[in-house]
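Contents: one structure, followed by commentary.
The values are calculated or read from the model by the stated rules, or taken from the named source; none is laboratory data. Please read these numbers as outputs of a predicted model, since none were measured by experiment. Cβ coordinates were reconstructed from backbone atoms using ideal geometry, including for glycine residues, and neighbour counts include every protein chain displayed. Calculation scope for accessible area: heavy atoms of the full protein, side chains included, ligands and nucleic acids excluded. Shrake-Rupley method; radii C 1.70, N 1.55, O 1.52, S 1.80 Å.
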Amino acid sequence: MINYLEGKPVISSNQLTVLINGVGYAVLVGGRTLASLGSDQVALHIYTHVRGDKLELLSLIHISEPTRPY
């Protein structure tokens, strides 16, 4: 399981990708979390959600955001 990511954020179309050593990890975040991220480096605690045909990475900085931000 993935529980922590630290790397360069790449934000496009309200979607966050964390770039680490040439590998991009798509992370689901809410709008407030996305707006509060810096542009040089991010450090995120991750919840890895595994379900049948999906593996999703989720991180919330603002606890008041919904748990399914997409």
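Details
- For residue 42, the shell of other residues with beta-carbons less than 11 Å away shows a net charge of -1, using +1 for Lys and Arg and -1 for Asp and Glu.
- Relative contact order %, the chain, counting alpha carbon pairs below 8 Å whose residues are six or more apart: 34
- Inter-probe distance in nm under a simple model that places probes 7 Å from Cα toward Cβ, at residue 54 and residue 36: 2.4
- Local electrostatic count, residue 11, Cβ distance below 15 Å [Lys/Arg +1, Asp/Glu -1]: +1
- With each label modelled as a point 7 angstrom along the Cα→C-beta vector, the residue 26-residue 14 pair spans 1.6 nm.
- Carbon/sulfur fraction of accessible area - the chain, other protein chains in place, 1.4 Å, %: 54
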